[in-house]
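Beneath this line is the structure, given in structure tokens, with notes to follow.
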Amino acid sequence: RIMACGNCGCPFNELTPGSDTLAGRDLACLVPDAVKQVRFGAGDTLFAQGEPSTSLYSLSSGLVKITSLTPDGREQIVGLSTPNRLLAGLQSLKDEYYEYSAIAETPVAACRIQHRDLLHAVNSHGGIALRLIEAMNAQLAHSRALMRAMGQKCASAKIATLISVIIPHCEHRMSRYTLPFSRSEIANILGLSEETVCRQMASMTRRGILYAPRGKIEILDWERLEAVAREDCPEFALNGSRRA
């Protein structure tokens, strides 16, 4: 059975990885018996920590935050899921229960893929197994980028790295992008104070790197933003530690 699908970012469509020759056209899903197309509104839960692990999600649009509850009951953002071959729930593919929650930060369109049917397809189709490995590699690369953002960098480098991760690469030339996180949430992700995040983004705005009115962001100079992310701009290295 062949199912037409417009999710160009899904690793299980017939578009050859790395090719854009079919971009914008319907694609044939390789695991149609495992898939259902779904939508979520901002704030909706795709799955919750502790629920039985049954599905993973391939996003065609939107952004999902991955959260975990701390021992004292606080929500900690531990990851992000975006289009372009990232699968929300991939880490729990063989687990009995989800070890974290996935919440739509923006309106989301996705393909929900049943674990059981996907694993059956993997056992009978080597090509699907290779695509699953590729999706795992993409997830690892994405996680490493987030770890760099949260690692031992100055505050400005953390923020610049996170912005680069948040904004899909295919949208790097868009004039304006809706920022899916508030300054407070960015501070929570990076372990900074909200004041530090505001101050650093204002500094990058004054220097012509970005323009960030409330709820939006426009990157004016990607090259300089990436330089800040590499810590090549020591003038941005203000004290970014969280204040008590």
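Every number here is computed from the coordinates shown, using simple stated rules; none is lab data. Quick caveat, the model's predicted, so the values are computed rather than measured. Neighbour counts run over all protein chains shown; Cβ positions are idealised from the backbone, glycine included.
For this structure, a couple of remarks:
- Ordering of 205-216, 99-110 by packing [mean C-beta count within 10 Å, highest first]: 99-110, 205-216
- Applying a threshold of 30 Å to the alpha-carbon distances of K94/K158; K36/K94; K65/K94; K36/K65 flags K94/K158 as lying beyond it.
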